[in-house]
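Step one of this worksheet: look at the structure below.
The values are calculated or read from the model by the stated rules, or taken from the named source; none is laboratory data. None of these values were measured; they are calculated from a predicted model. We place every Cβ from the backbone using ideal geometry, glycine too, and count neighbours over all the protein chains shown.
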């Protein structure tokens, strides 16, 4: 009986150790899945935990870095625009044809759009002295599709 | 005598085959390239005299894998080894990747993932990125590609206390702040040493946040259309 208890305890310890060593990134904490992630905030849903920048565009203004962000765990994409100028600017981050975010931000700050599930999206955006309240869709300010 | 002649014949045959192999290798690559590093003495150069451009620095080996015209853009493919499995990138500003064509310079307009290579343990070990430059390159043009750094992409929400702690540990006297609004990220510099301009202070903090590894990788090559 004593031997059985020891074997049982060792087995439990091994199971706990194995489970706790799994890489619990992204999906383990994501609060959405599939199309249920559409038009949600990638940060508050946890999808941004494993995010990668798959495409980056530098519009001709020279004031913005536009990124297409991708979460492998959630299979979602969103746009992020960074103010790379040296002054405060209005920045627009658009997930082409779908969502946009507009913010007046200091240098080094970013604005990002809500996310959408599935492939084939582009990130668009720019920075400037006037706000663009709407979607930016012209390809000169968009990343490639992913 | 016979043995000496046989050895000579073997030697010449080997030399000839090596020459043919080298010729095929040169022709096989659509461009010829040499690599140089202009500043960092700690950088290791490999294959300096061959057509393979490969430079190693601080655990990152980088190479130019190809170049071609794609519509109104000139595309250069760059592969580099990854220090770890984080999301490593090549540019955070347009002038982080600069192409010099016959003496005229062009900054990058787009960067993106081409390919990921995995090790036997399933971890990403190498990444290939495409770099687009807004120009049409003529056949036979001499090109110089400057790459300033590799870095890990910024998180959508910066952990400000952690970044501040790292800045304090380096006695930088830089203070940063992070936004709290929804759908806004990044960080700003709110305090810095008087001798530092804000741009430099921000770059310093950003390098820490993104684990940037700076070394100018400079690739020289002639573009030859297929």
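Would you say residue B:150 is part of a strand (DSSP E or B), surrounded by 13 or more Cβ atoms within 10 Å (Cβ to Cβ) and more than 12 Å from chain A (Cβ to nearest Cβ)?
Judged against the criteria, residue B:150 is a match.
Within this structure, residue B:137 passes the test of being outside any strand (DSSP E or B), away from chain A (no Cβ under 14 Å) and buried (at least 18 other Cβ atoms within 10 Å of the Cβ).
Exactly one residue out of B:144, B:123 is under 19 Å from residue B:85 (Cα atoms) and modelled with pLDDT under 95: that is B:123. Return a yes/no flag: does the range A:83-106 have any residue that is closer than 18 Å to residue A:40 by Cα, modelled with pLDDT under 95 and in a loop (DSSP other than H, G, I, E, B). No, the range A:83-106 contains no residue that is closer than 18 Å to residue A:40 by Cα, modelled with pLDDT under 95 and in a loop (DSSP other than H, G, I, E, B).
Screening residue B:85 with (1) modelled with pLDDT under 95; (2) in a strand (DSSP E or B); (3) facing chain A (nearest Cβ under 10 Å) gives one miss only, at (2). Evaluated against (1) at positive phi; (2) touching a strand residue (DSSP E or B) at 6+ places or on another chain (Cβ under 7 Å); (3) more than 9 Å from chain A (Cβ to nearest Cβ), residue B:183 falls short on exactly one condition, (3). Apart from one condition, residue A:39 fits all of (1) in contact (Cβ under 8 Å) with a residue 40 or more places away in the chain; (2) on the phi < 0 side of the Ramachandran plot; the exception is (2).
If you go through the range A:90-117 and keep only what is on the phi > 0 side of the Ramachandran plot and surrounded by fewer than 16 Cβ atoms within 10 Å (Cβ to Cβ), you end up with just A:97. Considering every residue within the range B:156-174, establish whether at least one is touching a residue at least 40 places away in the same chain (Cβ under 8 Å) and more than 28 Å from residue B:85 (Cβ to Cβ). No, there is no match, as no residue in the range B:156-174 is touching a residue at least 40 places away in the same chain (Cβ under 8 Å) and more than 28 Å from residue B:85 (Cβ to Cβ). Could you tell me whether any residue of the range B:115-126 is free of Cβ contacts under 8 Å to residues at least 40 places away in the same chain, within 17 Å of the chain's Cα centre (by Cα), within 14 Å of chain A (Cβ to nearest Cβ) and outside any loop (DSSP other than H, G, I, E, B)? Among the residues of the range B:115-126, at least one is free of Cβ contacts under 8 Å to residues at least 40 places away in the same chain, within 17 Å of the chain's Cα centre (by Cα), within 14 Å of chain A (Cβ to nearest Cβ) and outside any loop (DSSP other than H, G, I, E, B), which makes the answer yes. Each residue in the range B:94-113 was checked for being assigned to a loop (DSSP other than H, G, I, E, B), out of contact with any helix residue (DSSP H, G or I) (no Cβ under 9 Å at 6 or more places or on another chain) and at the interface with chain A (Cβ under 9 Å from one of its Cβ atoms), and 0 of them qualify.
Checked against the criterion of being modelled with pLDDT of 95 or more, at the interface with chain B (Cβ under 10 Å from one of its Cβ atoms) and assigned to a strand (DSSP E or B), the candidates A:111, A:60 yield just one match: A:111.
Of the residues making up the range A:118-146, just one is surrounded by fewer than 20 Cβ atoms within 10 Å (Cβ to Cβ) and assigned to a strand (DSSP E or B), namely A:128. For the criterion of being surrounded by fewer than 20 Cβ atoms within 10 Å (Cβ to Cβ) and part of a loop (DSSP other than H, G, I, E, B), residue B:195 passes.
Residues are listed down the side, and each one gets a yes or a no for (1) closer than 26 Å to residue B:114 by Cα; (2) within 10 Å of another protein chain (Cβ to nearest Cβ); (3) touching a helix residue (DSSP H, G or I) at 6+ places or on another chain (Cβ under 7 Å):
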{"site": "A:68", "(1), (2), (3)": "yes, yes, no"}
{"site": "A:74", "(1), (2), (3)": "yes, no, yes"}
{"site": "A:87", "(1), (2), (3)": "no, no, no"}
{"site": "A:94", "(1), (2), (3)": "yes, no, no"}
{"site": "A:117", "(1), (2), (3)": "yes, no, yes"}
{"site": "A:128", "(1), (2), (3)": "no, no, no"}
{"site": "A:132", "(1), (2), (3)": "no, no, no"}
{"site": "A:144", "(1), (2), (3)": "yes, yes, no"}
